[in-house]
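Report on the following structure.
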Amino acid sequence: MKEGIEQAARIILDSKLTLALTGAGISVESGIPDFRSAGGLWSKFDPMEYASIEAFRANPEKVWEMLREMEHVVGRAEPNAAHFGLGELEKMGRLQYVITQNVDNLHQRGGSSNVIEYHGNASTLSCLSCGNQYESDKKKDDYPPRCRCEGILKPDVVFFGEAIPQDAMNRSFQLASSAEALLVIGTSAVVSPVNTIPSITKNNGAKIIEINKERTHLTDTITDVFLEGGAGDIVSQLVEEVRREVGRKE
Ligand code: APR
């Protein structure tokens, strides 16, 4: 593992534009279950019944059962060492953007300021009838939360069957086309179109560093350095090695 960490640190130090693409796995150590690991959210809730826009329109009260359960978990979650580590790398000028599939706001709370939220953000709710937007916190006690026009409110996160926020998609692809290094952390990389980002960066000559507790379909195809283990521990080791290398060069 030490050799992999050193190799990954060298890639980061040689890169003029480094991105991180993160998924639910980076927040598991903060107490938020991921989706597809054993015991993950989709083993409890069928995503097509609870996370598609059709399901929400058909039975919003039912979908809000899952959303409220997720809210309790996310509400108690704190950033972990992986979030703080990426914030550190940004401060060191060694990571320029985080593109996240997560909607838990933990990157921002962990010190990252350049965060592209590919699947939206759960801190606001919108009315499907009239488009009015509300702060999620202001509607915590309503079940399900309703707009003043009586329409049921939906979190501003991307459900299956909904479009990706245009600015997030455009910005991500633009960055992926010129990145020199990509950290892929805690994602199974099975959901599109976000899962095309690793191949876009690879096709443009970038080096791919993958951090995951298990191998994915990327590992034996486009990953250059696979660092197996928990995101918190691995990212911390990586940041320490980058800091050591920077110290050596000064
Ligand atoms: N450290 C590192 N990796 C981890 C950890 C951990 N502590 N825990 C889990 N993982 C890995 C798993 O091995 C898996 O590869 O994180 C990945 C999580 O994969 P998914 O559960 O599929 O989550 P994600 O890739 O973010 O899903 C993408 O699917 O359901 C939609 O919108 C949802 O944004 C989500 C998208």
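The values are calculated or read from the model by the stated rules, or taken from the named source; none is laboratory data. None of these values were measured; they are calculated from a predicted model. All Cβ positions, glycine included, derive from the backbone under ideal geometry; neighbour counts span all protein chains shown. Heavy atoms of the whole protein, side chains included, go into the accessibility calculation; ligands, DNA and RNA do not. Shrake-Rupley method; radii C 1.70, N 1.55, O 1.52, S 1.80 Å.
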Beta bridges per DSSP with both ends in the chain, % antiparallel, nearest 5:
25
Apply 1/(1 + (r/R0)^6) to the Cβ-Cβ distance of Glu150 and Arg68, taking R0 = 25 Å, and write down the FRET efficiency to the nearest 0.05.
0.80
Determine the order of Lys2, Lys139, Lys62 by accessible area, beginning with the largest, at a probe radius of 1.4 Å.
Lys2, Lys62, Lys139
Would you work out if the stretch 182-250 is rounded, prolate or oblate? Take a ≥ b ≥ c from the square roots of the eigenvalues of the alpha-carbon gyration tensor; rounded if a/c is under 1.5, else prolate when a/b is larger than b/c, oblate otherwise.
oblate
Kindly report, to the nearest 10 Å², the accessible surface of Ser27 as traced by a 1.4 Å probe over protein heavy atoms only.
0
Rel. contact order, % - alpha carbon contacts under 8 angstrom, at least six apart, the stretch 170-250
26
Compute the Cα gyration tensor for the stretch 157-210, then decide on rounded, prolate or oblate, letting a ≥ b ≥ c be the square roots of its eigenvalues: rounded whenever a/c is under 1.5, prolate when a/b is larger than b/c in the other cases, and oblate in all that remain.
oblate
Two pseudo-spin positions, 7 Å from Cα along C-beta at Ser113 and at Arg57, lie apart in nanometres by 4.1
Determine the relative contact order of the chain: mean sequence separation of Cα pairs under 8 Å and six or more apart, normalised by residue count, in whole percent.
25
Considering only DSSP beta bridges with both partners in the stretch 100-214, what is the antiparallel share in %, to the nearest 5?
55
For labels at Ala38 and Asp224 in the simple 7 Å Cα→Cβ model, what's the distance in nm?
3.4
Taking the Cβ of Gln96 as the center, what net charge do the other residues with Cβ under 11 Å away carry, scoring Lys and Arg +1 and Asp and Glu -1?
0
Helix-only [θ]222 nm of the chain, DSSP H runs n ≥ 4, -39500 (n - 2.57) each, per residue, nearest 500
-11000 deg cm²/dmol
Taking 0.36 nm per residue of separation between Glu49 and Thr196 and subtracting their Cα-Cα distance, the length gained on full extension comes to 50.3 nm
Residues Tyr143 and Gln174, FRET efficiency given R0 of 30 Å [Cβ-Cβ distance, rounded to 0.05]
0.15
Could you tell me which of rounded, prolate or oblate describes the chain, using a ≥ b ≥ c as the square roots of the eigenvalues of the alpha-carbon gyration tensor, with rounded for a/c under 1.5 and, failing that, prolate when a/b is larger than b/c and oblate otherwise?
prolate
Tell me which residues come under 5 Å, amide H to amide H, from Ala20 once H is placed; ignore anything under 5 positions away on its chain.
Tyr97, Val98, Ile99, Leu183
Give me the orientation-averaged projected area of the Cα convex hull of the stretch 18-116, in nm², one decimal.
6.5
